[in-house]
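The values are calculated or read from the model by the stated rules, or taken from the named source; none is laboratory data. Because the structure is predicted, anything quoted here is derived from the model rather than measured. Ideal geometry is used to build each Cβ from the backbone, glycine not excepted, and the neighbour counts take in all protein chains shown.
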Amino acid sequence: MALYEHVFLARQDLSAQQVDALVEQYKGVIEAHEGSVGRIENWGLKSLTYRINKNRKAYYTLMDITAPAAAIQEMERQMGLSEDVLRFMTIKVEAHEEGPSAMMQKRDDRGDRGDRGPRGDRFGGDRDRGPRSDRGGDRDDRGPRRPRENQAEGAGA
């Protein structure tokens, strides 16, 4: 049997119990087709990059699945029909990851920003550029200004 990682997004107005019920429903579909579901991670309610069916947020859930292709096809068919599921994606993998997924791991909050300066800008901010007067030159270097069209016509205030 093949190994899969499956992520789906559920509507924001569902409760946590309803999302769990969806997981159990799709887990039942997989098991009915002689597959099995391993790790299940609820990533919680997260903001979407863009609106999907008028939703700005969605519940994200990851499932590690070991099942034949027919089980995945049936689960995806049912998810496509469900109004509660906004999006889903299934990826075939060589092996399931051990431990928590990247979404569940804590970020390193020590303030280490790599090559960025204390304000988060690259390469230390203004220190490498020199004084402001040396950067771009004065306005006089570019020649005289052209009058604006509305001022040239006498419509200025």
Inset, instruction - Mind listing whichever residues of the stretch 40-89 are charged (D, E, K, R), free of Cβ contacts under 8 Å to residues at least 60 places away in the same chain and either surrounded by 15 or more Cβ atoms within 10 Å (Cβ to Cβ) or under 15 Å from GLU24 (Cα atoms) (or both)? - result: LYS57, GLU74, GLU76
Inset, instruction - Could you check how many residues of the stretch 90-101 are surrounded by fewer than 10 Cβ atoms within 10 Å (Cβ to Cβ) and in contact (Cβ under 8 Å) with a residue 40 or more places away in the chain? - result: 3
Inset, instruction - May I ask you to verify whether ASP128 is loosely packed, with under 10 Cβ neighbours inside 10 Å, modelled with pLDDT under 95, out of contact with any helix residue (DSSP H, G or I) (no Cβ under 7 Å at 6 or more places or on another chain) and not β-branched (Val, Ile, Thr)? - result: yes
Legend entry - Residues satisfying the stated conditions in the stretch 56-74, i.e. within 10 Å of GLY44 (Cα to Cα) and in contact with a helix residue (DSSP H, G or I) (Cβ under 9 Å, 6 or more places away or on another chain): TYR59, THR61
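Conditions (1) farther than 25 Å from GLU98 by Cα; (2) at pLDDT 95 or above; (3) in contact with an Asp or Glu (Cβ under 7 Å, 6 or more places away or on another chain), marked per residue:
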| site | (1), (2), (3) |
| --- | --- |
| GLU5 | no, no, yes |
| ASP13 | yes, no, no |
| GLN17 | yes, no, no |
| VAL29 | no, no, yes |
| SER36 | no, no, no |
| ARG39 | no, no, yes |
| LEU48 | yes, no, no |
| ASN55 | yes, no, no |
| ALA67 | no, no, no |
Inset, instruction - Considering each of ILE72, ILE30, ILE40 in turn, give the residue that is outside any helix (DSSP H, G or I) and either in contact with a Phe, Trp or Tyr (Cβ under 7 Å, 6 or more places away or on another chain) or β-branched (Val, Ile, Thr) (or both). - result: ILE40
Legend entry - Condition met for GLU31 (among the acidic types (Asp, Glu), surrounded by fewer than 16 Cβ atoms within 10 Å (Cβ to Cβ) and over 18 Å from LEU3 (Cα atoms)): no
Inset, instruction - Run down ARG113, ARG107 and say which single residue is part of a loop (DSSP other than H, G, I, E, B), at pLDDT below 60 and surrounded by 10 or more Cβ atoms within 10 Å (Cβ to Cβ). - result: ARG113
Inset, instruction - Taking the options LEU22, LEU45, name whichever one is over 15 Å from ILE91 (Cβ atoms), within 24 Å of the chain's Cα centre (by Cα) and part of a helix (DSSP H, G or I). - result: LEU22
